[in-house]
Amino acid sequence: MKRLDFIKILLVLSACLPFAAVAEEAEVKKSFQADEPCTVNVSDNLAHVVWYTSSDSAGYVKVSSSEDDNFKKPVSFYDSNSGIKNIGKFHSVRIEGLKPDTKYSYMVYSVEVGKDGNGRLVSGQKLASLEPREFSTTGPKERESLTLYMINDQHEHGDRVEHLLKNSNGVDFIVYNGDMVNNMRSADQMRECCYLPASRVTKLPIHYIRGNHETRGRYAGEFLRISPCEAGRTFYSFRYGKVFFVVLDVGEDKCDSDEEYFGMANFDEFRSSQAKWLESVCESPEFKNADARVIICHVPVDIRDGSWHGQLHFYKQLAPVVNGKGFDIFLAGHYHRNLLVPPSPKGFDMPIVINGDKEGLRVKFTGKNIEVESVDMNGDFIKVDYKADRFPKRKK
Ligand SMILES: [Fe+2]
């Protein structure tokens with residue numbers, strides 16, 4: 001090859017390189033996907049938005065409201081920690097300063113990241129912006145009725161989560177009452193098992209409550225990033241109109257010293273601290289003035305023969321605090337079948353309604369009246385009879 005021809009080829013190749021880089025970048029952008037977001041643990045003044053992207057990105061949410069002067073112009077909230085933006089495929093944004101009982105709309109943005117010599121660098125270029133979504137804060141405003149829809153013990157069956165959530169039409173919010181996975185291993189796993197199925201079929205806010213299986217696995221310490229809440233811990237309370245909810249967390253069901261926990265468990269102390277906290281909650285005017293008072297907890301604190309250490313220990317802590325305070329119902333899972341534990345002088349003075357793993361539980365509050373229905377995989381529903389210890393099944 002003549003020297004001149006060789007230089008010509010080099011010139012042509014180098015001229016093509018920027019186009020190749022641009023084409024590659026465009027291809028990356030084309031393949032960039034963002035899941036629909038989920039709204040998590042919405043309370044009086046606070047909401048959380050979580051979503052996933054197909055590759056690493058930064059993220060933020062723009063919030064506006066015609067009902068709140070502070071949000072007449074959109075306000076941005078970033079996925080960040082102490083001033084530093086988080087980079088990853090999972091995004092979790094806390095939206096603060098909201099008004100109770102107010103409707104907000106929001107847009108979700110994911111931003112591409114590049115690398116500089118010192119590490120990661122946010123480029124600021126928008127890659128994905130999803131359709132506007134809405135949520136409403138909770139608060140004291142009285143409602144004609146309030147309905148929640150609870151599923152639990154799905155143990156990584158994301159397809160079943162999606163199927164069961166299709167029966168949540170007409171409710172106000174969703175409860176994941178624990179054991180949605182076998183153990184917590186990664187953000188990707190939590191996407192597949194919990195949030196992707198929800199993002200496909202519902203726009204309702206979710207309260208994701210920790211079960212004993214979410215205390216296991218190398219990612220278990222990240223539960224509050226996956227399910228962020230105002231209290232910043234896995235037990236808390238919230239009100240929705242005149243219904244007062246207490247979320248409790250048994251932790252593990254076996255003794256802290258059990259070999260299965262490899263010396264990592266400290267749940268006796270954790271349960272005792274919840275009982276102490278609950279004492280003051282029961283003294284609050286919001287609790288005392290509520291029409292209905294509800295405990296939601298993955299493990300039923302059921303102290304019949306065969307109950308495990310976590311249940312027996314928690315019962316001893318809770319019974320003096322809870323009994324006589326006017327709680328109406330305890331919503332639980334864990335047993336993988338429908339069961340009703342009636343009120344008992346030897347247990348709690350409220351029924352424990354236990355939802356199975358192949359059913360969704362609809363709980364409707366109208367004034368002081370509570371109606372409970374269990375919907376199975378076929379869409380058949382089951383009316384709960386408090387006098388029976390198994391749910392009698394009937395066709396829809
Ligand atoms: Fe469980």
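Odds and ends about this structure:
- Over region 146-383, the hull volume per residue, using the convex hull of the C-alpha atoms, is 117 Å³.
- Filter on Lys99/Lys203; Lys254/Lys358; Lys254/Lys346; Lys85/Lys203; Lys316/Lys346; Lys166/Lys242 - keep pairs with C-alpha separation over 18 Å: Lys99/Lys203; Lys254/Lys358; Lys254/Lys346; Lys85/Lys203; Lys166/Lys242
- Percent antiparallel among DSSP beta bridges (both partners in the chain, rounded to 5): 75
- Unit charges at the beta carbon, dipole of region 146-383: most positive-side option, Asn323, His334, Pro285: Pro285
- Its DSSP H runs of at least 4 residues, each contributing -39,500 (n - 2.57), put the calculated 222 nm mean residue ellipticity of the chain at -6500 deg cm²/dmol, to the nearest 500.
- Dipole of region 38-136, positive direction: furthest Cα of Val49, Val122, Ile95, with charges on the beta-carbon: Val122
- Amide N proximity, region 281-314 versus Thr366 label position 7 Å along Cα-to-Cβ, cut-off under 17 Å: 291-292
- Computed about the Cα centre, the dipole magnitude for the chain is approximately 800 debye when only Lys and Arg (+1) and Asp and Glu (-1) carry charge, each at its Cβ.
- Spread over its residues, the convex hull of the C-alpha atoms of region 219-305 is 119 Å³ per residue.
- Radius of gyration over Kirkwood radius for region 32-110, both on Cα atoms: the Rg/Rh ratio is 0.97.
- Selection of trypsin sites (Lys or Arg not before Pro), region 187-220, meeting DSSP coil and at most 10 other Cβ within 10 Å: Arg218
- As a calculated quantity, the FRET efficiency between Ser123 and Asn86 at R0 = 22 Å, using C-beta atoms, amounts to about 0.90.
- Loop-located chymotrypsin sites (Phe, Trp or Tyr not before Pro) in region 214-262, at most 14 other Cβ atoms within 10 Å (DSSP): Phe262
- Sorted peptide list for 152-162, 42-52, criterion being average Cβ within 10 angstrom, highest first: 42-52, 152-162
- Ranking Ala58, Tyr195, Gly356 by how far each Cα lies toward the positive end of the dipole of the chain (charges on Cβ) leaves Ala58 at the top.
No lab work stands behind these numbers, since they all come straight from the coordinates. Bear in mind the structure is a predicted one, so any value in this text is a computation, not a measurement. With ideal geometry, Cβ positions are generated from the backbone for all residues, glycine too; neighbour counts draw on all protein chains shown.
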